[in-house]
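Here is the structure we will look at, set down as C-alpha cells.
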C-alpha cells in the first residue's frame, strides 16, 4: 500500500537555552528550598493559528476539510476562514454531532449542504465512517481540525484514523491542525483489548484516558 505524506501542524512554543558548560565547573548553584507557589504558564495556540505554515500548502489545491463547530480561529470557522483567504474548498466531512454541532450524542448525522457556505458536507458518522474513494475524488489535500479531549471513547480519534487510512489509500496528504489535549496531564484506566473488543468508540489499545 502506498502511503501519503502526513503533514502534522503542531502549535507549540519551544524554549531553548544555550550556554558554556565549562563556565559552570567548580561553581555552586543555590536551589530554592521550596517550590514556588505559582508557575507562569506559557500561551498555547492551536494549530489552526499557524496560517502562514499551512496556507501555502493549500495554494492551487482542491481542499476538503474535516471539521465541526469547534474548528474556530478567533471568531471564524475553519471553512469560513479558508474561503475568505481564497482557498478552493470543495467539500467538508463531518464527525459525530455534525458540521455545525447541531446533532446530539449518538444521533444520526446525515450528509447534506452547509447552509452558510453552500459546501457539500459528507457525514462520517453512521454507516459511512470512512471516506470512500469516490468521496475523495477530485480532492488534492484534506485539512483535519477537531478538538478532542484525550479519552478513548470519544469518536473523533476514530474519525481521524479512518480519514488517514482512506487518504493513504488514495495517496492524498492530510494536514492535521492539532489542538491541546485538556487531559494530557495524566493517564488512567485499563488498556483496551482490541483483539477481542474493538469498535468506533474503542479502536486502539490505549487506556481510557
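Among the residues of the stretch 142-178, write down those that are without any contact (Cβ under 8 Å) to a residue 60 or more places away in the chain and in contact with a helix residue (DSSP H, G or I) (Cβ under 6 Å, 6 or more places away or on another chain). Hit for the stretch 142-178 is 148, nothing else.
Inside the stretch 82-105, can you point out the residues that are without any contact (Cβ under 8 Å) to a residue 24 or more places away in the chain and either surrounded by 16 or more Cβ atoms within 10 Å (Cβ to Cβ) or part of a strand (DSSP E or B) (or both)? Within the stretch 82-105, just 103 meets the criteria.
Results for (1) within 30 Å of residue 58 (Cα to Cα); (2) assigned to a loop (DSSP other than H, G, I, E, B); (3) touching a strand residue (DSSP E or B) at 6+ places or on another chain (Cβ under 6 Å), shown as yes or no for each residue.
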position: 143; (1), (2), (3): yes, no, yes
position: 152; (1), (2), (3): no, yes, yes
position: 167; (1), (2), (3): yes, no, yes
position: 184; (1), (2), (3): no, yes, no
position: 197; (1), (2), (3): no, yes, no
position: 205; (1), (2), (3): no, yes, no
position: 209; (1), (2), (3): no, yes, no
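Tell me the residue from 129, 108, 116 that is over 18 Å from residue 143 (Cα atoms), in contact with a helix residue (DSSP H, G or I) (Cβ under 8 Å, 6 or more places away or on another chain) and in a loop (DSSP other than H, G, I, E, B), please.
On the way: 129 fails: over 18 Å from residue 143 (Cα atoms); 108 fails: in contact with a helix residue (DSSP H, G or I) (Cβ under 8 Å, 6 or more places away or on another chain).
From the options 129, 108, 116, the qualifying one is 116.
Here residue 141 passes the criteria (1) farther than 20 Å from residue 177 by Cα; (2) under 17 Å from the mean Cα position of the chain (by Cα) except the one numbered (1).
Being under 13 Å from residue 144 (Cβ atoms) and either out of contact with any strand residue (DSSP E or B) (no Cβ under 9 Å at 6 or more places or on another chain) or not in a loop (DSSP other than H, G, I, E, B) (or both) is the filter here, so list the residues in the stretch 59-78 that pass it. Step through it out loud before you land on a result.
Residues of the stretch 59-78 under 13 Å from residue 144 (Cβ atoms): 63-68, 70-71, 78.
If the condition is that a residue be under 13 Å from residue 144 (Cβ atoms) and either out of contact with any strand residue (DSSP E or B) (no Cβ under 9 Å at 6 or more places or on another chain) or not in a loop (DSSP other than H, G, I, E, B) (or both), then 63, 64, 65, 66, 67, 78 are the ones that fit.
Among the residues of the stretch 106-129, count how many are closer than 17 Å to residue 159 by Cα and surrounded by 15 or more Cβ atoms within 10 Å (Cβ to Cβ).
Here is the first cut: in the stretch 106-129, the residues closer than 17 Å to residue 159 by Cα are 106-111, 121-129.
With surrounded by 15 or more Cβ atoms within 10 Å (Cβ to Cβ) added as a condition, the list becomes 109, 111, 121-125, 128-129.
Here the count works out to 9.
Pull up the stretch 164-200, narrow it to residues that are within 20 Å of residue 81 (Cβ to Cβ) and within 13 Å of the chain's Cα centre (by Cα), then point me to the one that is surrounded by the fewest Cβ atoms within 10 Å (Cβ to Cβ). Working first, answer last.
In the first step, residues of the stretch 164-200 are kept if they are within 20 Å of residue 81 (Cβ to Cβ); the result is 173-180.
Now drop any that are not within 13 Å of the chain's Cα centre (by Cα), which leaves 174-180.
Numbers: 174: 21, 175: 21, 176: 21, 177: 26, 178: 18, 179: 20, 180: 16.
Filtering the stretch 164-200 for residues that are within 20 Å of residue 81 (Cβ to Cβ) and within 13 Å of the chain's Cα centre (by Cα), the one surrounded by the fewest Cβ atoms within 10 Å (Cβ to Cβ) comes out as 180.
In the stretch 169-182, how many residues are farther than 23 Å from residue 68 by Cβ and assigned to a loop (DSSP other than H, G, I, E, B)?
Pass one, the stretch 169-182, residues farther than 23 Å from residue 68 by Cβ: 169, 171.
When the remaining residues are screened for being assigned to a loop (DSSP other than H, G, I, E, B), the result is 171.
Total meeting the criteria: 1.
Read-outs: derived from the displayed coordinates by stated rules, not from any lab. Model, not experiment: these values are computed from the prediction. All Cβ positions, even for glycine, are placed from backbone atoms using ideal geometry, and neighbour counts span all protein chains on display.
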